[in-house]
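One structure below.
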Amino acid sequence: MQAFHRPGYSSVIFKLRDPSEFETVRKRIENDPRLTLEAKRENQYYVEQSRMMAKFLRILGMSLTIIFSLGAIIGAMITMYSAVATRTGEIGTMRALVSEDKCPGSFHDRSLCSRLIGGCVGLFLASFFTAFHDLHDEFPDLLRTRFQLRPHF
C-alpha cells in the first residue's frame, strides 16, 4: 500500500471451507452497511478484469486481418496483371490464330483452375491449423485433470 500510496486494500481473497456457501457469504458481505464490498468468485473477477483487453485484442486482430487480406488481394491482382503483361506476345498470337470469343475463355479456365487449387490448399491448411488450435485449447484441461489442480475461491 505504501508503494502505490493507497489508504486501504482494493481486494481481499479468501477460500471458503465449503464452496457451496458462497451465496450466503456474498449476501452477508453485500448487505453489511459497514462494508462497501462486492463479493465475486475469483474466475468471474478475472473475466471482468480481462474483458477490456480481450475487446482491444479482438478489434486489433480484426483490423490486422482486414489490412492483410486487402494486401493479399492487391498482391494477387498485381501478380495476375504481371503474368498477363509478360505474355502479351502469346496472347496476341492466340487471338490471331483463334477466334476472339474463344481466347478469353482459355484464360478464364486457367484462372479458375488455379483458384480452385489454391482454395483447396487453403481449406486444407485452415482445417489443419484449426484442429491443432482445438487440441492446444484442450491441453490445459488435460493437465488440470491429471495433476488435480483446483481453483481457489
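The values are calculated or read from the model by the stated rules, or taken from the named source; none is laboratory data. Here the structure is a predicted model, which is why all the values come from computation and not from measurement. All Cβ positions, glycine included, derive from the backbone under ideal geometry; neighbour counts span all protein chains shown. Ligands, DNA and RNA are excluded from the accessible area calculation, which covers all protein heavy atoms including side chains. Shrake-Rupley method; radii C 1.70, N 1.55, O 1.52, S 1.80 Å.
With a cap of 14 neighbouring Cβ atoms within 10 Å, and only residues DSSP puts in a loop, list the chymotrypsin sites (Phe, Trp or Tyr not before Pro) found in the stretch 1-42.
Those that pass, being in a loop and sparsely packed, are Phe4, Tyr9, Phe14.
What net charge is computed for the residues neighbouring Ile117, neighbours being all others with C-beta under 14 Å from the C-beta of Ile117, Lys and Arg scored +1, Asp and Glu -1?
Net of charged neighbours comes to +1.
Round to a whole number: what % of the accessible area of the stretch 1-91 belongs to carbon and sulfur, probe 1.4 Å? Intermediate results must be reported in sequence, preceding the final value.
Values: 5370 of 8450 Å².
Here it works out to 64 percent.
For the residue pair Met80 and Arg17, what label-to-label distance in nm results when each label sits 7 Å from Cα along the Cα-to-beta-carbon direction?
7.3
Where nothing but the Cβ of Lys and Arg (+1) and of Asp and Glu (-1) is charged, how large is the charge dipole of the stretch 1-99 around its Cα centre, in debye to the nearest 20?
Once rounded to the nearest 20, the dipole reads 80 debye.
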